[in-house]
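Notes follow the structure.
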Amino acid sequence: MEHLIEVAFKGNRREFFRWSFEAPPPVTAAIIVDAERGEDLGRVHATGDLAAHRKAGTTHGKGQREPLRVALRLATGDDIARAKTLRTDEESARRIAVAKARALNLQMKVSDAEWQWDRRRLTFYFTAEERVDFRTLVRQLESHFAVRVQMWHIGPRDEAKRLDGVGHCGRQLCSAAWLPELLPVKTSLAKEQRLSTITPTQISGACGRLMCCLRYEHEFYVAARKRFPKQGKLVQTLQGEEKVEHTDIFRDLVTLRSPNAELRTIPLAQFRRELAGEAMPLEEETRDADDEGAEEGEVRVVAEAPRAPITQVQRAVAASSALAPSAPPPSAPPPSAPPPSAPPPSAPPPSAPPPSAPPPSAPPPSAPPPSAPPPSAPARDERRAETRGEILPSPPPVDSPEGPRDARPAAPDAPQEAESAGDVEARRGRRRRGRRGGRRHRNEHHGNKGHTGNSGNGGGSAGPSGVPGAPPSNPNR
């Protein structure tokens with residue numbers, strides 16, 4: 001009964017053979033097998049069903065020609081000792097080949113040499129970036145060793161597999177330990193795992209190429225990426241149109257960028273609900289929104305209690321009451337008090353005789369007065385409010401000895417209108433000049449208390465021009 005066995009040789013080279021004995025050989029046992037033009041020594045790597053599975057799934061198993069060669073016998077102690085002697089001679093043979101290649105100026109790197117167990121063949125393995133014409137080198141080596149010489153051009157991965165070593169993980173290289181075949185590793189595998197931005201030396205193996213272990217989790221990354229939107233895709237969420245900036249397949253997070261360059265990270269489940277039009281915010285976002293709403297409510301409550309506004313009419317009434325605090329109420333003047341239309345005792349009328357003479361009596365209501373009567377306190381307030389642009393409330397009707405105010409004939413308005421229209425600007429100019437002059441006068445004569453009445457504010461006294469309410473003239477002019 002024949003058994004299928006897998007035999008490993010130097011440099012992790014493996015081949016399949018037929019074992020014609022009843023019991024299969026033990027694993028790692030040294031055996032002598034039939035080789036091309038001779039015999040070779042190797043060790044059993046797999047037998048039975050495992051050997052059959054590996055032959056159907058490995059590159060060297062699929063490419064091996066049928067019928068398979070036969071394993072001759074188990075190796076003896078002398079056979080094993082002879083093989084150890086050949087291992088020491090292989091290093092010296094490699095150095096001779098390197099020296100001859102340099103003499104011929106060949107751009108190649110001789111990596112390893114292997115003697116066949118019966119010394120009938122010597123094989124050299126080398127690497128080179130370009131195609132090398134080594135025919136002259138082979139003739140020189142055959143002449144030197146007097147055996148058949150073979151040259152095998154291998155790649156960097158096969159070189160690392162033959163020489164063996166330790167990877168970045170601190171373990172033996174996968175290609176030399178257990179990896180059945182060396183499949184190509186493309187840069188797209190690193191991009192799928194978001195490793196393309198890392199330094200190339202960090203994801204490269206001992207051979208200088210991308211590590212073979214990048215293929216181990218590639219299928220997982222491909223399946224996980226299908227659940228997430230593509231990076232850079234524009235999506236329509238509850239916040240509007242946003243761009244997928246980054247995805248985290250391990251924590252199921254999606255980072256979105258708004259047109260205002262604002263980033264937000266949400267779980268994948270919430271992202272799907274927003275695409276469907278359902279708003280499911282996180283608990284932290286809800287708590288923050290409630291806190292912000294409470295603060296805004298407090299501010300709104302405080303802002304809803306404004307002060308009572310003071311109207312312009314109230315200001316005018318307060319100013320008039322402050323200017324004439326001793327004036328009797330217009331609605332009910334006492335019998336002994338002078339009529340409201342009489343001027344204050346301290347201010348003489350412009351057309352009256354000297355202060356010692358009594359004031360002239362008012363003309364009868366039916367005859368027009370020869371000159372404008374002196375204005376009362378409400379009249380002065382009205383003129384002052386007119387110049388300031390203020391509006392005063394109309395006073396209630398006042399009864400006087402001459403009869404009700406509404407029943408008295410109205411005095412002609414021509415002189416008052418002419419005075420108010422022609423002298424408004426003149427009064428304003430005199431008032432400004434009086435204020436400036438008063439300030440200069442107080443600065444120059446500080447301490448002089450004789451000029452208390454010339455402050456330039458008008459104060460209700462008659463100016464030199466005889467116009468009631470006009471400010472006094474500038475003392476410095």
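The values are calculated or read from the model by the stated rules, or taken from the named source; none is laboratory data. On a predicted model such as this, the values are computed, not experimentally measured, just so you know. We place every Cβ from the backbone using ideal geometry, glycine too, and count neighbours over all the protein chains shown.
A quick yes/no check of all residues on (1) surrounded by 15 or more Cβ atoms within 10 Å (Cβ to Cβ); (2) of a type outside the set (G, A, S):
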position	(1), (2)
E39	yes, yes
A46	yes, no
K55	yes, yes
I96	yes, yes
A99	no, no
A113	yes, no
Q116	yes, yes
Y125	yes, yes
T136	no, yes
Got a number for residues in the stretch 258-277 being of a type in the set (D, E, K, R) and in contact with a Leu (Cβ under 8 Å, 6 or more places away or on another chain)?
-> 2
Please enumerate the residues belonging to the stretch 185-215 that are surrounded by 12 or more Cβ atoms within 10 Å (Cβ to Cβ), of a type in the set (G, A, S) and more than 23 Å from Q172 (Cα to Cα).
-> S196
Pick from the stretch 1-50 the residues that are part of a loop (DSSP other than H, G, I, E, B) and under 26 Å from Q150 (Cα atoms): which of them is nearest to the chain's Cα centre (by Cα)?
-> R13
Test: R65 is at pLDDT 90 or above and surrounded by fewer than 17 Cβ atoms within 10 Å (Cβ to Cβ) | no
Name the residues in the stretch 51-82 that are free of Cβ contacts under 8 Å to residues at least 12 places away in the same chain and in a helix (DSSP H, G or I), would you?
-> H53, A56, K62, G77, D78, A81
Selection from the stretch 14-29 of residues in contact (Cβ under 8 Å) with a residue 40 or more places away in the chain and among the charged types (D, E, K, R) yields R14, E15, R18
What about K233, is it farther than 30 Å from G63 by Cα and in contact with a Gly (Cβ under 9 Å, 6 or more places away or on another chain)?
-> no
